[in-house]
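> Below are the structure tokens for one structure; questions will follow.
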Ligand code: AMP
Ligand code: GLY
């Protein structure tokens, strides 16, 4: 089969790496890809949002299956467009992608189908929103309804901070249309974990759990980022919690989406909080998580191409997960998630032990490999234990430890 992966980050590099292990993958293309992907697949310089360009490319190259990494093209209907063009995609339609694209939709949906989540109310008017906050206890969470690149969530420690978030979103339009509606919700307390699944209509096949580290600095300090590292599985999550999450969250979601006339095909990602009252949904994503994918897919022992084919055909892919652990640390550009420099030359990267390197924001130039994003790469490793994986993964970052242009967290998986 010829396969096209849409996207340019670490998640897409990880997907391409796994696909490349398959005998069933003849030719793998990525659009637009990155410096690491270019080493194992053919990259086409087509933007993720250029639907006409992507469709023309898929036709020209006789692409049999397309995988979409990022959420933006999904919300813009890339799957609807590909299907109209008679092209097979493993990803949700625009209608199903609303589970990630609108927090208000997701909350109403969860309420309707009794899927455990934080209590909430949504608002378009600042005075009403503040009146509601006045009646609640702090901390309290204020969220922009639409896509805001991970920046649209404020966990306010005080009511004043919550009022400020309301003003930023509803009055100052900090997220423009994405913040024209806001969701205010109860602040949940507990350990977070991510649970992803391959989904096709009513069929749900879960992956191993993972834990992301969203804050920029050690001990969960500093601003929220796209993710500074992750490990899998999240060993403190019990079998009972997993079973509960599978039945009461993932399955109910897949079934509910069928009933809503928005059948879901693709990767369903549940960001969960293990509260005293059991696991509750913090957010849904409708795609592979980044950086979770980079530590989950290396543990998959199946042929990933076959998994996609089976799930689309309504057949159990019989997923097999290694007993090992995987851990990955993100190397970021200094300044990220705020302003940072691009085009900084990277030192030679050496893998150690069971280590692997996944590129997130890199570019091949005539001067060699240079940085091309806030998150530059992820150093990962698979090991018999989390500790072993951490040792090998951190070893891969040694060449970067004295470089001013980059930084990384020293405490991934050390909690
Ligand atoms: P999100 O972008 O929705 O993943 O939210 C970013 C982060 O905000 C999450 O990973 C949580 O740490 C935190 N968060 C979001 N919603 C809540 C909530 N209701 N209670 C506590 N923390 C939350
Ligand atoms: N790691 C969280 C996300 O992919 O949105």
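The values are calculated or read from the model by the stated rules, or taken from the named source; none is laboratory data. Predicted, not measured: the structure shown is a model, and the values here were computed from it. With ideal geometry, Cβ positions are generated from the backbone for all residues, glycine too; neighbour counts draw on all protein chains shown.
> Hey, which of the strands (runs of 3 or more DSSP E) in segment 204-287, taking only ones fully inside, have at least 1 residues that are out of contact with any helix residue (DSSP H, G or I) (no Cβ under 7 Å at 6 or more places or on another chain) and away from ligand 1 (no atom under 16 Å from the Cβ)?
265-275
Conditions tested, residue by residue: (1) more than 16 Å from ligand 2 (Cβ to nearest atom); (2) free of Cβ contacts under 8 Å to residues at least 24 places away in the same chain.
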position	(1), (2)
62	yes, no
69	no, no
86	yes, yes
112	yes, no
116	yes, no
127	yes, yes
134	yes, no
137	yes, yes
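Listed here are the residues, each with its yes/no results for (1) in contact with a strand residue (DSSP E or B) (Cβ under 9 Å, 6 or more places away or on another chain); (2) within 15 Å of ligand 2 (Cβ to nearest atom); (3) under 22 Å from residue 148 (Cβ atoms); (4) without any contact (Cβ under 8 Å) to a residue 12 or more places away in the chain.
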position: 183; (1), (2), (3), (4): yes, no, yes, no
position: 192; (1), (2), (3), (4): yes, yes, yes, no
position: 213; (1), (2), (3), (4): yes, yes, yes, no
position: 220; (1), (2), (3), (4): no, yes, yes, yes
position: 254; (1), (2), (3), (4): yes, no, no, no
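> Working only within segment 318-333, note down all residues that are farther than 14 Å from residue 296 by Cα and under 22 Å from the mean Cα position of the chain (by Cα). Write out each step before concluding.
Quick first cut of segment 318-333, residues farther than 14 Å from residue 296 by Cα only: 318, 330-333.
Within segment 318-333, 330, 331, 332, 333 qualify.
> Sticking with this structure for a sec: Out of the residues in segment 305-329 that are touching a helix residue (DSSP H, G or I) at 6+ places or on another chain (Cβ under 8 Å) and under 24 Å from residue 36 (Cα atoms), state the one that is surrounded by the most Cβ atoms within 10 Å (Cβ to Cβ).
328
> Let me ask something else about it. Mind listing just one residue for me: the one in segment 165-195 that is in contact with a helix residue (DSSP H, G or I) (Cβ under 7 Å, 6 or more places away or on another chain), outside any helix (DSSP H, G or I) and more than 14 Å from ligand 1 (Cβ to nearest atom) and, of those, farthest from residue 126 (Cα to Cα)?
By that ranking, first place goes to 174.
> With segment 1-113 as the region, which helices (runs of 4 or more DSSP H) entirely inside it contain at least 2 residues that are farther than 30 Å from residue 229 by Cβ?
Those helices (runs of 4 or more DSSP H) span 51-60, 78-84, 94-101, 103-112.
> Given 227, 261, 289, which one is touching a strand residue (DSSP E or B) at 6+ places or on another chain (Cβ under 6 Å), modelled with pLDDT of 95 or more and under 26 Å from residue 6 (Cβ atoms)?
Answer to the check: 289.
> So, of the residues in segment 194-207 that are away from ligand 2 (no atom under 14 Å from the Cβ) and surrounded by 22 or more Cβ atoms within 10 Å (Cβ to Cβ), which turns out to be nearest to the chain's Cα centre (by Cα)? Spell out how you get there, then give the answer.
To start, the set of residues in segment 194-207 that are away from ligand 2 (no atom under 14 Å from the Cβ) comprises 197-206.
Those left that are additionally surrounded by 22 or more Cβ atoms within 10 Å (Cβ to Cβ): 197-199.
Numbers: 197: 12, 198: 14, 199: 16 Å.
Here the residue is 197.
> Collect the residues in segment 41-63 that are closer than 15 Å to residue 2 by Cβ and in contact with a helix residue (DSSP H, G or I) (Cβ under 9 Å, 6 or more places away or on another chain), keeping them in residue-number order.
Passing the criteria: 41, 43, 44, 54, 55, 58, 63.
> Considering only residues of segment 118-144 that are surrounded by 13 or more Cβ atoms within 10 Å (Cβ to Cβ) and near ligand 1 (Cβ under 10 Å from one of its atoms), which is nearest to residue 173 (Cα to Cα)?
Only one residue tops the list, namely 144.
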